[in-house]
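Inspection log for the structure reproduced underneath, given as structure tokens.
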Amino acid sequence: MSNKRGQVGLFVIIAVILVASVALISYFGVLPFGVTGKIAPVEDKVLDCLAQTTKQGTEILGEQGGYITPPAFEPGSEYAPFTSQINFFGSVMPYWFYLSGNGIYREQIPTLKMMQDQLSDYVRTNAAANCDLSTFESQGYLISIEEPTSITTDIRTDKVFVDAVWPITVEYQGASRRITAHSTTLTSSFGRLYDLAQDVYTRQKATLFLEDYTIDVLTLYAPGTDVELTCSPKIWKKSEVVGGITQALHDNIPTIKLEGDYYKIADSTRNYFVKDLNIPLKGEQVNFLYDRTFPTKVEIDPSSGEFLRADPIGNQEGIGIIGFCYVPYHFVYNVAYPVIVQVFDKDYGLFQFPIIVSVENNAPHGAIPAESPGEILESPLCQYPNQPIDISTIDLNGRSVDADISLKCDNAECHIGKTLDGELSTNVPQCVNGYLIARAENYTDAKALVSTNEAQSAQVVMKPRHTIDIVVLKDLVRLESDESAMIVFSSEDNAQSIFYPTQQTVELSDGNYKVTSYLFKSGKIVLQAQNIQQCVNVPRSGVFGFLGFEREECYTLSQPAQELNQITIGGGATEVTLEEDDLRSASFVGVEIGSQPVPRTVLDLQDVYTSVANSGINVVLK
């Protein structure tokens, strides 16, 4: 009898445990089987919301070069008119490879983990707003939905896995359920497109095939190296040469294709535009885009003002004996411009990223090491930190600054650590005449020369960066609505390029600056046609020419009428010292620029350029 009572008691305990377990599992939403019954439609909708929000996030990643939140914006400069990102039909895309304002090549390629983190954050922030459950509420459901507390995404080649901790409580016809864990899978080839984008970038970096196409454009569409038999100088209008180059790039770059089956070749001559990078495409398309409106750098040497000129040899005094004239010329080009690489998939969509294509001195920029912002180039040197050092970081007033410290020795940069309350005692590799580099938010990067082959201490003084409003005046009055200006602040350790009035603040720190400005006027501006007469001395014919006698020969250069949408009307440069105390108290920095009458002819325009080159400007802190 006692055994039976014991068995009954055991069954009662088990039943209580099962009931409690089911209740707890039901409340916390961790059933080992799926949500079924009356609650299932709500869970299906929640999973659909997660999938759709994830899809939106991957589309943003694809449109913005693998970024939802781009890295910190870096302005360009007069030397390199590119910022760290490009705006393409409303999509802000950070460059994967670009030329910074101070002339350093940099990379900012998103890693898979970084994209997953940004995608997770996007889903966590937007899933609730994208999930409309009002249809269920109108059917009598009582739904309490909270903000997601945790989202984890895992991007694979053809899928994206999503796991969410998102508490939702549902009551319907007597059934009640609290669900906290949700998992869904999005079918997407986003991961493969990202892999293909990396393959294209890696092959471009290794072969520089876009630079090779650019050199071909320069050879075909711009004066390069040649000799012509003539006694008259050869003169090219610089703006026409530059326009011809950019138009040729605009026409030719989009015709480049990768080896694949997503296009048809009209004839064998078009094979020139097909590049085999050994990338296996499975129905994807790869396109390359350049537009003349993209910021483009074209420098030509030698050039003078608005013209390229090559003078004849053979008509100078003393060498007329050669009996003929010839004009040799050799022009060297530095060209840099953005190309947007697009990888398409008909089922998923698009992954695109921009790079800068760069030709220097008529040759590809070469295998120039690119800096990766936020990443440190490690070398074997960094593996042997065996020399003690005490490092302090302070501002101009002697206050401590917490900064990341690196040691740069030749081409290697080793991350050392971070100062705490402005102090760091650690070991560093041995290096003669290296630099300690300190980086901190809201401060300009600073460096101190050190030789770490013996124990020592070092101090790095950091200059605070101040964000200051900028006001640009033309002839002491504000710019008109169709006027704009480019202002470049350049010092030993800081370079800022401002396009006013689009940008109305500038980050400045203590130092000596060269400030250069250009004033532009927009609208329909017509340069009138004109004839320019020039005269040169050439050898006389017959025996008199043999004896070195000359005669004057004149010729006329015809300049056709041109219509411009933006034209330089002023500018100048100056040097100014900006001190910390003044920057800290300043309300704004004012730049006063002189202007010239709107040019109507090519000669007027050249006069403006000459005036700009010889003019000063006034820079004041108020």
Next on the checklist: It is to be established whether one or more residues within region 243-260 are in a loop (DSSP other than H, G, I, E, B), free of Cβ contacts under 8 Å to residues at least 40 places away in the same chain and surrounded by 14 or more Cβ atoms within 10 Å (Cβ to Cβ).
Outcome noted: yes
Item to check | Verdict on Thr214 being β-branched (Val, Ile, Thr), touching a residue at least 60 places away in the same chain (Cβ under 8 Å) and under 15 Å from Ile356 (Cα atoms) | outcome: yes
Checklist entry - Looking at (1) under 30 Å from Glu240 (Cβ atoms); (2) surrounded by fewer than 18 Cβ atoms within 10 Å (Cβ to Cβ), which is the one condition that is false for Val620? => result (1)
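Every residue, every condition in (1) of a type in the set (A, V, I, L, M, F, W, C); (2) within 29 Å of Asp261 (Cα to Cα); (3) at pLDDT 90 or above, yes or no:
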| site | (1), (2), (3) |
| --- | --- |
| Ala336 | yes, no, yes |
| Asn361 | no, no, no |
| Leu377 | yes, no, no |
| Ile389 | yes, no, yes |
Next on the checklist: Considering only residues that are under 18 Å from Pro364 (Cα atoms) and surrounded by 20 or more Cβ atoms within 10 Å (Cβ to Cβ), which ones fall in region 98-116?
Outcome noted: Tyr98, Leu99, Ser100
Checklist entry - Does at least one position in region 455-463 carry a residue that is among the basic types (Lys, Arg) and buried (at least 20 other Cβ atoms within 10 Å of the Cβ)? => result yes
Checklist entry - For region 590-601, does any single residue satisfy the condition of being modelled with pLDDT under 90 and among the aliphatic types (A, V, I, L, M)? => result yes
Checklist outcome for this item: Considering region 416-454, residues that are touching a strand residue (DSSP E or B) at 6+ places or on another chain (Cβ under 6 Å) and of a type in the set (Ser, Thr, Tyr), and then whichever is surrounded by the fewest Cβ atoms within 10 Å (Cβ to Cβ), we arrive at Ser425
Checklist entry - Tally time: how many residues in region 230-282 are within 22 Å of Gln342 (Cβ to Cβ) and either of a type in the set (Asp, Glu) or not assigned by TED's automatic domain parsing to the domain that holds Val343 (or both)? => result 4
Checklist entry - Is it the case that some residue within region 222-230 is among the hydroxyl-bearing types (Ser, Thr, Tyr) and closer than 30 Å to Asp301 by Cβ? => result yes
Next on the checklist: Of the residues Ser84, Ser138, only one is hydroxyl-bearing (Ser, Thr, Tyr) and more than 12 Å from the chain's Cα centre (by Cα); which?
Outcome noted: Ser138
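Matching residues to (1) without any contact (Cβ under 8 Å) to a residue 24 or more places away in the chain; (2) among the aliphatic types (A, V, I, L, M); (3) within 30 Å of Leu281 (Cβ to Cβ):
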| site | (1), (2), (3) |
| --- | --- |
| Tyr122 | no, no, yes |
| Ser138 | yes, no, no |
| Leu142 | no, yes, no |
| Val162 | no, yes, yes |
| Glu171 | no, no, no |
| Ser188 | no, no, yes |
Item to check | Leu479 within 30 Å of Ser522 (Cα to Cα), over 28 Å from the mean Cα position of the chain (by Cα) and surrounded by 15 or more Cβ atoms within 10 Å (Cβ to Cβ) | outcome: yes
Checklist entry - Which one of these is more than 24 Å from Val608 (Cα to Cα) and not acidic (Asp, Glu): Val461, Val515, Val477? => result Val461
Checklist entry - Quick one: would you say Arg192 is of a type in the set (Lys, Arg) and either more than 22 Å from Pro41 (Cα to Cα) or outside the structural domain of Lys45 (by TED's automatic domain parsing) (or both)? => result yes
Checklist outcome for this item: Within region 266-311, residues being part of a loop (DSSP other than H, G, I, E, B) and of a type outside the set (A, V, I, L, M, F, W, C) number 18
Item to check | Hey, Gly101 assigned to a loop (DSSP other than H, G, I, E, B), under 30 Å from Val357 (Cβ atoms) and outside the structural domain of Phe344 (by TED's automatic domain parsing) or not | outcome: yes
Next on the checklist: I need the full set of residues from region 501-518 which are within 22 Å of the chain's Cα centre (by Cα) and either within 24 Å of Glu441 (Cβ to Cβ) or surrounded by 20 or more Cβ atoms within 10 Å (Cβ to Cβ) (or both), in order please.
Outcome noted: Gln503, Gln504, Thr505, Val506, Glu507, Leu508
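The values are calculated or read from the model by the stated rules, or taken from the named source; none is laboratory data. Values in this document were obtained by computation on a predicted structure and should not be read as measured data. FYI the Cβ positions are ideal-geometry reconstructions off the backbone, even for glycines, and counts take in every protein chain you see.
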